[in-house]
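Worksheet for the structure shown next.
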């Protein structure tokens, strides 16, 4: 059972995490440590966090309605790939040791942070050269991000946002809205798998999910108001901070 005090802490952490994540930063930077703080062991905390993150999906969709206008067809095109990747990540977490993979994750986060900061320069270089991204970059990147999202997920939003800015959409609020929907679908698939086979701490997942639902509806409006360069720096800094924490904590 989760005590009233722990439940209140998780609701508050979920609200902050949902606002941060749907604005382009890292949801799990707040939500995952909050689960550890109330005494849940790392593996159940990871699984519980994945289930609770479903709460961010509808909130981010409601908050991102202007940016998502006309994008339903594009999102449908990649839904099956995202589902397959997220399902594979769930299986990977439940069936294999994670030490090696966890050592790779901090480097992926640093690369994603660098890609976010360099994206405007890369876009200008592409315009001058009239160069298009390799056609396999987007599907390969989406599949890799979906697998990682199902496996652990912390920092996947920063990585996916960088990928979309480089391949699909230069406008940060629209890229962020697409990122929220793709990650939401991956979270939904992962939650179904973990609910069936994983050690979910439901007493913690419910208050955290409610907080995420409330907070995620606010984030997209922040992305519209904060200048793009500032959002890139904040998201990149969050990615580097999480990479350092994951490396130190092992």
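The values are calculated or read from the model by the stated rules, or taken from the named source; none is laboratory data. The structure displayed is predicted, hence computed values, not measured ones. Counting neighbours? That spans all protein chains shown, and the Cβs are built from the backbone with ideal geometry, glycine included.
Would you confirm, using the coordinates I've provided, whether residue 175 is part of a helix (DSSP H, G or I), over 16 Å from the mean Cα position of the chain (by Cα) and either buried (at least 22 other Cβ atoms within 10 Å of the Cβ) or touching a residue at least 12 places away in the same chain (Cβ under 8 Å) (or both)? Taking the combined requirement at face value, the residue does not satisfy it. Of all residues in the range 93-136, those satisfying the criterion of being surrounded by 14 or more Cβ atoms within 10 Å (Cβ to Cβ) and either outside any helix (DSSP H, G or I) or modelled with pLDDT of 80 or more (or both) are 93, 94, 98, 133. Residue 85 fulfils the conditions (1) over 15 Å from the mean Cα position of the chain (by Cα); (2) over 30 Å from residue 9 (Cβ atoms) except for a single criterion, (1). Annotation note: of 246, 164, the sole residue that is out of contact with any strand residue (DSSP E or B) (no Cβ under 7 Å at 6 or more places or on another chain) and modelled with pLDDT of 80 or more is 164.
Give the residue, chosen from 204, 195, that is in a helix (DSSP H, G or I), surrounded by 24 or more Cβ atoms within 10 Å (Cβ to Cβ) and in contact (Cβ under 8 Å) with a residue 60 or more places away in the chain.
Numbers: 195 fails: surrounded by 24 or more Cβ atoms within 10 Å (Cβ to Cβ).
After applying the criteria, what remains is 204.
Among residues that are surrounded by 19 or more Cβ atoms within 10 Å (Cβ to Cβ), modelled with pLDDT of 95 or more and in a helix (DSSP H, G or I), residue 89 is not included.
Looking at 68, 53, 72, 80, which one is touching a helix residue (DSSP H, G or I) at 6+ places or on another chain (Cβ under 6 Å), modelled with pLDDT of 85 or more and surrounded by fewer than 22 Cβ atoms within 10 Å (Cβ to Cβ)?
Working: 53 fails: surrounded by fewer than 22 Cβ atoms within 10 Å (Cβ to Cβ); 72 fails: touching a helix residue (DSSP H, G or I) at 6+ places or on another chain (Cβ under 6 Å); 80 fails: touching a helix residue (DSSP H, G or I) at 6+ places or on another chain (Cβ under 6 Å).
Unique residue meeting the criteria: 68.
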